Amino acid sequence: MVFFLMLFVKILNFRCFNVTVSSIARKHSAVCNYAGSNIETLKELYGFTKEEIFRLMENPAIWRKKETEDLIDSYHLYKRLGFTNSDFLAYPSLLISHPVAKFNHYNSLLDTGCSPIDARLLCRASYYFRNKIATLKQDGYLEPDVNVADRLLELLQPPSSRSSIPLEQSLKEIDEMKWTALHRTILTAWLQVRLKTSEDEIINLLRVHKMIANKSFRIINENITLAESIGISNRKILRSGYLLNTYPEYPKTMLRDHPILAGVNIAAYYRTNPKLMMINPRKILEIFKLLKEYNISDEAIQTRPSVFTMSPFTLKQRLDHIKQTPELRVNFNDYRMLNMVIHHKTMSSRLGFLKKLKLRCASLNHIAKPDDSKFEDYIQEGRDMNRISDVMDYFSALLKKPKEEVRARLRKHPFYYYVPFVDIQANYEYLIQMGYTNENIARSLLVLLYPGYKIKKTLEKLRREATLRFTDLQQSKQLNLVLYYIEKEFHFTGNGIWRTDLLDSPAEEKTLE
């Protein structure tokens with residue numbers, strides 16, 4: 001315990017020359033929690049001594065930015081490659097780099113024919129990729145007589161001949177080429193054949209997805225084959241070029257170990273949202289567990305599988321914010337609720353704007369869609385009312401009743417779409433607290449449309465009336481009686497729904513033409 005305390009103080013002292021502790025907490029709130037866990041991992045898994053950990057911690061990226069799970073994955077990768085703690089101390093950037101990036105570099109160096117692929121070479125892979133192939137030979141990582149062009153051509157599936165690719169012929173000319181230039185020349189010609197497309201499209205693909213430029217041909221081909229096996233067309237692969245940069249073990253693990261997610265075959269998710277193939281299965285399962293902890297239905301998850309591309313930390317933050325905001329919480333059981341998570345910044349901005357305008361009836365269709373047109377139309381129209389379909393969806397989710405049943409009851413009231421969902425939710429929670437069951441509230445659901453203070457005042461008054469024997473009545477009849485006494489004052493016109501506590505004018509003057 002004393003060791004960890006001393007180490008943490010050392011870390012803070014190291015960082016505080018340039019920034020304050022509070023600024024670190026604000027700027028890196030999502031990742032500062034990794035420090036203690038990373039130290040423990042370096043000590044228990046890697047077996048570093050206290051002095052060695054102090055040396056590594058001088059690099060803030062290890063304790064401030066490196067996720068513990070990535071540190072664990074790096075350990076297993078490097079141990080398979082035969083690296084030791086001495087290598088990590090000499091080249092600490094190995095621990096900072098993402099293990100998948102280093103896996104890709106290792107395979108590209110292996111394709112090239114490099115031997116040995118030691119810690120120094122892997123640490124400086126990007127440097128060698130940017131330089132002439134002769135540099136690898138001069139530094140002793142390639143035999144002088146190795147023709148890298150021929151080695152790379154041997155890996156292509158389907159095979160391509162040198163004659164079909166515009167390459168220099170002599171070994172000396174090949175050695176004078178930069179590794180990236182040679183790789184790109186072969187890759188461009190091969191992908192035209194592999195994806196049945198034109199040179200211009202491949203050039204555009206490599207321009208947009210630059211990480212493919214130093215990717216192993218074996219890994220690229222494996223990613224294409226995997227995508228094709230689950231029904232992704234060549235045209236979609238071109239549009240989703242990041243698929244070529246995927247770590248193939250991620251989708252293979254999900255397809256093998258977790259073929260069904262949220263009631264849907266994972267292959268179907270991959271077809272509709274190929275970016276999911278790039279996500280670590282550990283992260284996908286962590287997010288799924290988090291969604292279930294918040295009681296988010298499979299139906300909601302199926303509408304927005306892109307939620308699995310988010311950071312679990314960010315997802316939890318947004319879910320907590322939605323839970324804590326009454327205007328958003330009312331939509332938590334809606335099957336489209338993940339729109340609020342995906343478009344959280346847009347939604348929060350729109351909600352703040354609506355509050356300034358004192359418009360309270362905006363639905364998910366207005367505030368949680370990326371398209372601005374519906375929101376702008378709602379603002380310009382200036383009518384504080386819900387969409388009828390949204391009201392049906394909301395009541396159906398709240399009361400767990402079919403939409404047809406909800407629609408039949410609501411249509412008996414002329415102004416049911418003018419009541420904010422947050423008020424309906426508050427009334428529902430109040431009646432549940434008073435002991436009314438969901439079933440009986442559903443039978444008298446129109447009472448939920450009325451201001452809460454009127455419901456409470458009328459309910460208390462009826463309970464005091466001894467002659468009515470109110471408490472002996474069935475719950476649904478009690479609620480109908482409450483509704484009767486509220487509307488009696490307004491001659492059963494439906495105008496009892498208006499909140500007169502927010503108006504300067506008398507209740508009788510608030511009517512609709």
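HN-Hα J couplings of the range 491-496 from phi, Karplus 6.51/-1.76/1.60, θ = phi - 60°, integer Hz, Gly and Pro as x?
For the range 491-496, the Karplus curve yields 6, 6, 8, x, 6, x Hz.
Given a cut-off of 40 Å, what percent of all Cα-Cα pairs of the chain lie beyond it? Write down the numbers at each step before the final one.
Working: 60323 of 131328 pairs.
Roughly 46 percent, rounded to a whole number.
P(r) for the range 269-354, please, calculated from all Cα pair distances in 10 Å bins and given in %.
All Cα pairs, binned at 10 Å, distribute as 17, 52, 26, 5 percent.
Got a number for carbon plus sulfur as a percent of the chain's accessible area, 1.4 Å probe?
Details: 13340 of 25630 Å².
It is 52 percent, rounded to a whole number.
Using a Förster radius of 60 Å, what is the FRET efficiency between THR188 and PHE490 based on their Cβ-Cβ separation? Nearest 0.05, please.
Values: r = 76 Å, r/R0 = 1.26.
After rounding to 0.05, the efficiency reads 0.20.
So how compact is the range 144-237: Cα radius of gyration and Dmax in angstrom?
Radius of gyration, then largest Cα-Cα span, for the range 144-237: 13.6, 44 Å.
Once amide H atoms are placed 1.01 Å from N in the peptide plane, what residues at a sequence separation of 5 or more from ASN280, or on another chain, have their amide H within under 5 Å of its amide H?
Those qualifying (amide H under 5 Å, at least 5 residues apart or on another chain) number zero.
Where does the chain land at 222 nm, in deg cm²/dmol rounded to the nearest 500, when only DSSP H runs of n ≥ 4 count, each adding -39500 (n - 2.57), divided by all residues? All intermediate terms of the calculation are to be shown ahead of the outcome.
Details: 34 runs with 306 residues, N = 513.
Counting only the DSSP helices, I get -17000 deg cm²/dmol.
Find how many whole Å separate the alpha carbon centroid of the range 429-491 from the alpha carbon centroid of the range 332-386.
The distance from the Cα centre of the range 332-386 to that of the range 429-491 comes to 32 Å.
Just to be sure I understand the model, the point goes 7 Å from the Cα along the line to the Cβ. What's the resulting ILE260 to ARG218 distance in nm?
A separation of 3.6 nm, rounded to one decimal place.
Take the eigenvalues of the Cα gyration tensor for the range 423-486, scale each by 5, and report the square roots as semi-axes in whole Å, largest first. Write down the numbers at each step before the final one.
Numbers: eigenvalues 61, 33, 20 Å².
Value: 17, 13, 10 Å, ordered largest first.
Evaluate the distance, in nm, between pseudo-label points positioned 7 Å from the Cα of LEU357 and of TYR242 along their respective Cα→Cβ axes.
The answer from the label model is 3.3 nm.
Calculate the translational D of the range 238-393 in whole µm² s⁻¹ from Stokes-Einstein, where the hydrodynamic radius comes from the Kirkwood formula applied to all Cα pairs, the temperature is 10 °C and the viscosity 1.306 mPa s. Working shown, then result.
Numbers: Rh = 17.0 Å.
The calculation lands on 94 µm²/s.
Take the range 251-314, drop everything but the C-alpha atoms, weight them equally and run the Debye formula without solvent; then report log10 I(q)/I(0) at 0.27, 0.28 Å⁻¹ to two decimals.
After summing over all Cα pairs, the log10 values are -1.40, -1.51.
Could you let me know the centre-to-centre spacing of the range 182-224 and the range 105-142, using Cα atoms, in angstrom?
Using only Cα atoms, the two centres lie 21 Å from each other.
The values are calculated or read from the model by the stated rules, or taken from the named source; none is laboratory data. What you see is a predicted model; the values in this text were computed from it and never measured. Positions of Cβ are generated from backbone atoms using ideal geometry, with glycine treated the same way; all protein chains shown enter the neighbour counts. Just so you know, the surface numbers come from the protein's heavy atoms only, side chains and all, with ligands and any DNA or RNA stripped out. Shrake-Rupley method; radii C 1.70, N 1.55, O 1.52, S 1.80 Å.
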